[in-house]
């Protein structure tokens, strides 16, 4: 049991902060008490709340964890050149060990900035899952499947179909439901422009058979969106609706060029649009119409995307940018209020992951997925509104401790389940020689 | 003397980082040596450079330091309502002591995030200058003058003309050139929409008489820009050119709605446009055309603006946002390369302040205005490009120490010249009752 005493608690994006409150975490990792009276809790570890706030752990609803190895690699050129000249050739050399090491660096960064659950898509995802399992964080994980049509029918790109399908199957069998649902596995289509009908049908059937969500990239760039219309006579959203893909709690990353009709489709199917503001600006993708999506009833979550296009996993940056950039696009300072921006990184992320009854807010019976914020810094002072300070002034480094299911995974530069020095050593002595040696 | 040994040094935005280098600070506060050989330096304090980098101190070229008291105050409404209902009535209650206390909180935040020089504009600026003088930071300071035409001629708004003019004169006399130029005083016009020809002429004459720069807000919002054209038949830039204001190393904050003709005017006069990306987005002002300005030859610096419209003084946020947002506006990922973004916060800021021969880069003979960056965090690892990591992944909290003229003013949560606890106490016991009590 852990008792936080005399602390400020922000239960959720839409509730007021409570001063001098108490929060008790039970031995089952769930919140046993939240209120202003000191609860019975003999033997509990006590954490003093002086100049501290407890907030719901942040949920990063779209990333590619192992891409930490590409932080700052081959930047400043056109997207096509960057991918084909730098990223794809390097990725082709990654193996299980490489993916695991790069994931450890990512998880260290993620936990240190208050994120308690991630949605990840990559190749060799079982190696990501092994690290997520070991680290104690929550994850919705998927193996990104790609395919290209070739003259003699159907072919996988840069990998054998069997291997990718086997990885997806391995991921599902070993990790779906792992540790009482701490890890969930999603089905995944990388994107329309990297796949075709055969794959879409296979993935749809896989999701239907096992009751999985589907994760995919959707209308990230103008050319991707327009070329899809050229190829199929409809937008990516309409196309995936047609193939039944959106029937499975779809998590659609980016949605920068989606139309009002697309938003109606996404809302109708209960899909989530994952907004990645930093990545969208850095890669020159554009400004996602999230205000319109929210009005249309689409669940909008937030993600960092891989650090190669960010270059950080700090969700506080995404929250702030999501809160400010749409104001400038529409010249309207009332858009995306702080509650909305913070909800995207908490409540909406939980919904995107099918965890809305489990996390995304602090309430009795919910998992104690939480970040302890150190308010004792001039940049967080004074506090007219805790939520405003969290959205506009806080950064990942203000996180003092991170808990998942009541387990402290990070405290001020120390990780309980990760060996960061070892990961750095392995990065230099195994990953770098493997990819660039 | 201080010797940094075996450290990574980024001499400037346009130079490569040097590994395992040495930097020696002389007793005069200037850089005495920078290179890869260990210099003679008996008796010097030695700072180990393991997993550390020395970079030029950042220059915040536009802010309103005392507005820390309004961090998160009265947000989420229209600009006009926010100013008239919340900010202006509160500002009217501020006195010298209030301004000084709020400035201390700001300076603590500024120094902790690696900023070594600020350009500040506010009311009761002599009280700001006292704190800047005491703190050891560099500052270009100005008293924002405003005026409005009234039926019976000329009148100052919300303050007596004499008081404001006296403050500007006091600021100049007490602080211009203070501590061998550590503080400089600029003449200042708040903005076109808050002043008139009488004031412009007075300020121009004041700048000319004393050889001062002029600081002002320029074309921050669409309505401000268009209403000026309606009133005067020309843009704010053309108007201030006509009144000679731009002849004095003008520092023009925002420039969001400036035209190609305006950029030619600014370039012709050697003026600086100070880009405030976070503030421009948060206040829904728009996207400043800095790519066009740079092409036209305008010096573009960076600022945070006051924290009430940000809500932080972290220049790393401005650098990152300046580097990414213009890519998305033009759908071109090659715009605003990392060198350009970092130069805005260093070399260009120094030029804006008339300090280009004094700081903005690390070189022998320049002042040792520097930030020591702690690279020992997963979010700054690996390092394919130090500059890319600084621009896209670093944040103010990665600053371990901040030096101005070789004097350590900040080290890891401790300030050498500021009493932050005292400022907090005074904020609660003096400022809050004074403004809202």
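The figures follow:
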| read-out | value |
| --- | --- |
| Helix-derived mean residue ellipticity, 222 nm - over chain A, DSSP H n ≥ 4, -39500 (n - 2.57), to 500 | -9500 deg cm²/dmol |
| Inter-centroid distance (Cα atoms) of the range A:39-81 relative to the range B:86-145, Å | 33 Å |
| For peptides B:381-388, B:131-138, sequence by mean Cβ density within 10 Å, most packed first | B:131-138, B:381-388 |
| GNM result for chain A, Cα springs below 10 Å: residue of A:177, A:213, A:139 fluctuating most strongly | A:177 |
| With Cα atoms, 0 to 90° folded angle of helix A:197-210 axis to chain A main axis | 40 degrees |
| Whole-angstrom gap from the range B:316-346 to the range A:332-378, using each part's C-alpha centre | 29 Å |
| At R0 = 35 Å, FRET efficiency that the Cβ-Cβ distance of residue B:330 and residue A:295 yields, to 0.05 | 0.80 |
| Innermost chain A residue relative to the axis carrying A onto B, by Cβ distance in angstrom | A:397, 2 |
| Rounded tilt (10° steps) of A:96-112 against the dominant C-alpha axis of chain A | 40 degrees |
| Förster radius 35 Å - calculated FRET efficiency between residue A:376 and residue B:205 (Cβ-Cβ, nearest 0.05) | 0.15 |
| Computed Rg/Rh of the protein assembly as shown, alpha carbon atoms with Kirkwood Rh | 0.97 |
| Highest-fluctuation residue, A:344, A:325, A:370 considered, GNM on chain A with Cα pairs under 10 Å | A:325 |
| Alpha-carbon centroids, the range B:218-237 and the range B:382-431: separation in whole Å | 38 Å |
| Overall form of the range B:58-352 per C-alpha gyration tensor (a/c, 1.5; a/b vs b/c) | rounded |
| Estimated FRET transfer efficiency when R0 is 35 angstrom, pair residue A:78-residue A:434 (beta carbons, to 0.05) | 0.85 |
| Ascending list, in nanometres, of distances separating the residue A:433 label from those of the other copies (7 Å, Cα toward Cβ) | 6.9 |
| Exam field: residue B:79 pseudo-label spacings to other copies (7 Å along Cα-Cβ), nanometres | 3.1 |
| Other copies of residue B:364: label-to-label distances in nm, shortest first, labels 7 Å along the beta-carbon direction | 7.2 |
| Within 10 Å of each Cβ in B:311-319, the average number of Cβ atoms from other chains | 3 |
| Rough spin-label spacing in nm, given labels placed 7 Å along Cα→Cβ, for residue B:38 and residue A:93 | 3.6 nm |
| Share, in percent, of DSSP beta bridges within the range A:58-352 that are antiparallel, nearest 5 | 10 percent |
| Fraction of beta bridges assigned by DSSP in the protein assembly as shown that are antiparallel (%, nearest 5) | 45 percent |
| Length released on extending from residue B:222 to residue B:414, taking residue separation times 0.36 nm less the Cα-Cα span | 64.9 nm |
| Tilt relative to chain B, helix B:315-330 - C-alpha long axis, 0 to 90 degrees, to 10 | 70 degrees |
| GNM result for chain B, Cα springs below 10 Å: residue of B:55, B:229, B:31 fluctuating most strongly | B:229 |
| Tensor-based shape of the range B:241-341 (alpha-carbon gyration tensor, a/c under 1.5 rounded, otherwise prolate or oblate) | oblate |
| Average Cα contact separation per residue, the range A:315-437, under 8 Å, 6 or more apart, as relative contact order % | 20 percent |
| Label-zone membership for the range B:337-381, site residue B:48, 7 angstrom Cα→C-beta point, backbone N under 20 Å | B:372-378 |
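Read-outs: derived from the displayed coordinates by stated rules, not from any lab. Here the structure is a predicted model, which means the values were calculated and not measured. So basically every Cβ, Gly included, is an ideal-geometry build from the backbone, and we count neighbours across all protein chains shown.
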